[in-house]
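Here's the structure we're looking at; comments come further down.
The values are calculated or read from the model by the stated rules, or taken from the named source; none is laboratory data. Note that the structure is a prediction, hence the values are computed from the model and not measured. Positions of Cβ are generated from backbone atoms using ideal geometry, with glycine treated the same way; all protein chains shown enter the neighbour counts. Each accessible area value is taken on the protein alone, full model and side chains, heavy atoms only, with ligands, DNA and RNA left out. Shrake-Rupley method; radii C 1.70, N 1.55, O 1.52, S 1.80 Å.
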Amino acid sequence: MIFLNTLKEGDAYQEIYLVKSATMSVTVNNKKLLTILLQDKTGSMNAKKWDATAEDQEIFKPGKFVNISFDVTSYKEKLELRIRDARPVEVTKLDDYIPTSPIPKETLQKKLEAHLNNIKDKDIKTIIDELYSTYKEKILIYPAASNNHHAFASGLLYHTVSMLDVASFLIKHYSDVDSDIVLASVFLHDLGKIKELSGLLPIEYTAEGHLLGHLVIATNLINNVATKHHLEDNEKIIHIEHCVLSSHGKYEYGSPVLGATKEAIMVNFIDDLDAKMMMYDNNTKELNPGEFTNRLMTLDMRRLYKKKK
């Protein structure tokens, strides 16, 4: 397997990759151009198919595998592939194509369950246990995002456990916060992504994801279980729903309310910190020490710097 992160400008190869996305456009010379994002377990790379046809559009459908012959070129200082020929193929062994958590899923699952066992309030535990039991399979394998952070197999689990680790530390420092509310809120804040996202091949937004968003979806899931157990008016459950809805921190980031409790403020900042740490790693991993990234729209147009050893 010739992995995308090993390619160098001037290379010419034939290899199988996963199609993450594909967009048809027309150039100023009235030529059809198919711009494709290809993926393997090491990451993704842009590719172009010039003079594209309707058949090419069918071949390069998101979630499909393609066997391509290509040249490695560059555009705006980034490598990309110029595709010469392509044909669809079937792939059953997915390990080479789906980025996975840097920590084994089994290790993360044990840590997650240990954190959840630290929740003592019986009503909160009722909600947590039922939602975990119902959606366990997806919780353990789903990504946490389609692109910006934790966009890999078990990314949701990795992100959640990382946040729970941080939360457990902060709870000891800020001893007046309700630890059960914080731990439960961290576990639940991204639960809606199991319905917002389609899965791993490819990672796309569902209609429910586009129309509602994962914060509303998660709150609905919590409220449905709470109502089933006659807990919808329980103040602690309402506080957890508030933490979930305010976890993005700002209206313009998708939160319908702003954090009004210590627990909600804590959950928001833990979420933001963990996402940004991953975004830093994703954007600087190919840099040499002493180099800057380009300006990043997802990080307020800042340029990240990789410090020298």
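Quick look at the values:
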| item | result |
| --- | --- |
| Highest to lowest packing among 73-81, 44-52, scored as the average C-beta count within 10 Å | 44-52, 73-81 |
| Nearest-ten-degree value, helix 235-245 long axis tilted from longest Cα axis of the chain | 20 degrees |
| Simple label model, 7 Å out from Cα along Cβ direction - residue 32 to residue 210, nm | 2.3 nm |
| Mean Cβ count within 10 Å, highest first, over the residues of peptides 283-291, 118-126 | 118-126, 283-291 |
| Size of charge dipole - segment 45-149 - debye, nearest 20, with Cβ of Lys, Arg +1 and Asp, Glu -1, no other charges | 260 debye |
| Table column - 3J(HN,Hα) (Hz), segment 128-137, Karplus curve with 6.51, -1.76, 1.60, x for Gly and Pro | 4, 4, 5, 5, 5, 4, 5, 10, 3, 4 |
| In nm, spacing of pseudo-spin labels at residue 92 and residue 170 (7 Å Cα→C-beta vector) | 4.7 nm |
| Accessible area in square angstrom per residue, segment 94-224, 1.4 angstrom probe | 43 Å² |
| Listed residue (230, 218, 268) projecting farthest to the positive dipole end of the chain, Cβ model | 268 |
| Between segment 219-264 and segment 280-309, the Cα center-to-center distance that results, in Å | 34 Å |
| The chain: most fluctuating residue of 149, 230, 248 per GNM, C-alpha cutoff 10 Å | 230 |
| Full-extension gain in nm, residue 25 to residue 6, via 0.36 nm per residue minus C-alpha separation | 4.0 nm |
| Protection proxy ranking of 183-194, 159-170 - average other beta-carbon atoms within 10 Å, highest first | 183-194, 159-170 |
| For the chain, with +1 on Lys and Arg beta carbons and -1 on Asp and Glu, the positive-most of 244, 259, 75 along the dipole | 75 |
| Accessible-area composition of the chain, carbon plus sulfur, in percent [1.4 Å probe] | 51 percent |
| Stretch gain in nm, segment residue 103-residue 147, where the contour uses 0.36 nm per residue and the Cα spacing is subtracted | 13.9 nm |
